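A.B. asks: Quick one: the structure is below, and I'll ask about it shortly.
Derivation of every value follows stated rules applied to the coordinates shown; laboratory data play no part. Bear in mind the structure is a predicted one, so any value in this text is a computation, not a measurement. Positions of Cβ are backbone-derived with ideal geometry, glycine not excepted, and every protein chain shown enters the neighbour counts.
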Amino acid sequence: MTEITADNAARQPFMPLMRELVRSYQAFTAYDAKGLKPFGLTVPQADVIFTLGNTEGITFKEIGELTLTTKGTLTGIVDRLEARGLVRRVQENDDRRRTRVCLTAKGDKLFRGVFPRHIRYLKQRFDRLGRKEREQAEQSLRKLRDIFD
């Protein structure tokens, strides 16, 4: 095994894969953001609204787990959505430390209008892959994630 040095580090065999993974993620997030811009939503805001859709509300902890957003970041996102009248905080009766976040009527209307449209927008690109290609990509990405978990 060759020692990794400053001279050969950038030439490691996994570097092209790492670069392509990052470029793919950047391309996806840029496309995702472009599709949400007409609705006045950022990707993290849409993620929270889409996660809350079709629920009676969920806790901050659950939103964080489902959206992979940190608690500090999530608080700011919910604050901004609440200021726009799209979500509200509800204290749990049995545990005052637990707060559920729920869509308001305005938030639910936004969810019902934007979510299907945005999924159709993303589907246009994902449909360029066949079923087998999607399954292979998903399997490869899962394996990569498992390597780093």
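A.B. asks: Once you order the gyration tensor axes a ≥ b ≥ c over the Cα atoms, which shape class does the chain get: rounded for a/c under 1.5, otherwise prolate or oblate by comparing a/b with b/c?
C.D. replies: Cα axes put the chain in the prolate bin.
A.B. asks: When a/c is below 1.5 the answer is rounded, else prolate if a/b is larger than b/c, else oblate, so apply that to segment 42-91 with a ≥ b ≥ c taken from the square roots of the Cα gyration tensor eigenvalues.
C.D. replies: Rounded shape, in that the Cα axes give a/c under 1.5.
A.B. asks: Using the basic label-point model (7 angstrom from Cα toward the beta carbon), what is the residue 29 to residue 91 distance in nanometres?
C.D. replies: It works out to 3.7 nm between the two label points.
A.B. asks: Quick check: convex hull of the Cα atoms in segment 70-149, volume per residue, rounded to a whole Å³?
C.D. replies: Hull volume normalised by residue count: 166 Å³.
A.B. asks: Once fully extended, how much extra length lies between residue 147 and residue 73, figured as 0.36 nm per residue of separation less the alpha-carbon to alpha-carbon distance?
C.D. replies: Result for the pair: 24.0 nm of gain on full extension.
A.B. asks: Now for a different question. Tell me the relative contact order for the chain as a rounded percent, counting alpha carbon contacts under 8 Å between residues six or more apart.
C.D. replies: Relative contact order of the chain: 18 percent.
A.B. asks: A further question on this structure: Which far-off residues, 5 or more places away or on another chain, put their amide H under 5 Å from the one on residue 104, with H placed in the peptide plane?
C.D. replies: Result for residue 104 returns 87, 88.
A.B. asks: Oh, and also: With each run of n ≥ 4 DSSP H residues scored as -39500 (n - 2.57), what mean residue ellipticity at 222 nm is computed for the chain after dividing by its residue count and rounding to the nearest 500 deg cm²/dmol?
C.D. replies: Rounded to the nearest 500, it is -20500 deg cm²/dmol.
A.B. asks: For residue 106, go through the aspartates and glutamates and keep the ones whose alpha-carbon is under 13 Å away, minus same-chain ones fewer than eight residues off.
C.D. replies: Qualifying aspartates and glutamates at Cα under 13 Å: 82.
A.B. asks: Now, a different point. What are the ³J(HN,Hα) values, in whole Hz, obtained from phi via the Karplus relation 6.51 cos²θ - 1.76 cosθ + 1.60 with θ = phi - 60°, for each residue of segment 105-122 in sequence order, with x given for Gly and Pro?
C.D. replies: These are the phi-based 3J(HN,Hα) values: 4, 5, x, 5, 4, 4, 4, 5, x, 8, 3, x, 5, 5, 5, 4, 4, 5 Hz.
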